[in-house]
Amino acid sequence: MAAKISQLITWYKYLNENLADPRTKDYFMIGTPWPALTLIGLYLYFICNLGPRLMEKRQPFKLNRIMQIYNIFQILINGFLFYKALTEGWLGQFNYFCEPIDYSNTPKAIQITKLVWIYFLIKMLDLLDTIFFVLRKKQNQVTFLHLYHHVGILAGAWGAVKYLPGGHTTFLGLINTFVHTIMYTHYLLASMKIKTNAWKKYITQLQLVQFFLITLHYLQLTWVEDCGFPLWPAYLMVPQNLFMMILFGDFYYKTYIKKKPAIKTITETKISDISAEISNKKSKEQ
């Protein structure tokens, strides 16, 4: 038993210290996995248990003003990170096929680690989306897809700061911050009673394109020789993003494709009923 405990401690130190990037060990929430795991646990407990119980006999909160401020902040911070991801790397400097991580302590390398860390902090902030659902008693919007996406991307962002803060990894942040800038703009306009219903379909399409591009981006690592970037993230990110494509694809099909025939059938049924009623009236008159 003591030998097994000793082995577990050795593995923990190896994963938490030996494999980790020493430059980010003192960043908030990054030193060990326990703060992030605790946050995820509390988040899931509130969303799935405590929150619904607290709101069961209460009226839904009206959070329009708070949500507008939240959406504006999300637009600004995501737009800022998208701009920095372009200007610090992906606008002509980084290699789209394979970009190694600069593990040096140069000002630019350190700046990139901090940008990856800020991206992680934004993923923490994204958890408020679900909390707003619960406080507004919109529990039907708390789906498996929603929870899996929020928890998964938060865990992935933590891992990026801990082990891979830069290089090839940052392409995900580039795409994701662009998508979120558009998405939170839609949320802001909707909260201001500006009709943006048509945006929903196209945002989902944009998210599907996002997962496809990220999958392709990591697949490239398998055929690029002497890349200088580890291959193991591809074994995690490719299945993960394929799974997200399946989940979002299923949502897209059920929301925007499957409903159309149903609407058409109802319309045709009503027309048929009206025609039958007219025919019956005519036959009675005759």
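The values are calculated or read from the model by the stated rules, or taken from the named source; none is laboratory data. Worth saying up front: this structure is predicted, and the values here are computed from it rather than measured. Glycine also receives a Cβ, built like all others from the backbone with ideal geometry; neighbour counts cover every protein chain displayed. Note: accessible area is taken over every heavy atom of the protein model, side chains too, but ligands, DNA and RNA are not part of it. Shrake-Rupley method; radii C 1.70, N 1.55, O 1.52, S 1.80 Å.
Enumerate the amide H contacts of GLU99 below 5 Å, restricted to partners 5 or more residues apart or on another chain; note that Pro and chain-start residues carry no placed amide H.
HIS168
With everything on Cα atoms, drop me the angle between helix 232-252 and the longest principal axis of the chain, reported from 0 to 90° to the nearest 10.
10
Averaging over all projection directions, find the projected area of the Cα convex hull of the range 48-167 and quote it in nm² with one decimal place.
9.1
Expected output is a single nm value to one decimal: the length gained when fully extending between TYR253 and TRP232, i.e. 0.36 nm times separation in residues minus the C-alpha distance. What is it?
Working it through step by step, the gained length comes to 4.3 nm.
Percent of accessible area on the range 13-64 owned by carbon and sulfur, 1.4 Å probe?
It is 62 percent, rounded to a whole number.
Pop a pseudo-label 7 angstrom from the Cα along the beta-carbon direction at both ILE182 and LYS62 and give the gap in nm to one decimal.
3.3
Give LYS62/LYS200; LYS114/LYS201; LYS84/LYS201; LYS84/LYS200; LYS123/LYS201 a once-over and call out the pairs whose C-alpha atoms are over 25 Å from each other.
Violating the 25 Å limit, Cα to Cα: LYS114/LYS201; LYS84/LYS201; LYS84/LYS200.
Show me 159-166, 132-139, 220-227, 183-190 ranked by packing, highest mean number of other Cβ atoms within 10 Å first.
159-166, 183-190, 132-139, 220-227
Just the accessible area per residue of the chain, please: how many Å² with a 1.4 Å probe?
61
If you build the convex hull over the alpha carbons only and average its shadow over all orientations, what do you get for the chain? Give it in nm² to one decimal.
About 23.8 nm², averaged over all directions.
Relative contact order for the chain: what percent, with Cα pairs under 8 Å and sequence separation of 6 or more?
RCO, the chain: 24 percent.
Per 0.36 nm of contour for each residue apart, how much would the distance between TRP34 and LYS137 grow if the chain were fully extended, relative to their Cα-Cα spacing?
Here the segment from TRP34 to LYS137 would lengthen by 34.1 nm.
Expected output is a single nm value to one decimal: the length gained when fully extending between LEU76 and LEU206, i.e. 0.36 nm times separation in residues minus the C-alpha distance. What is it?
44.9 nm
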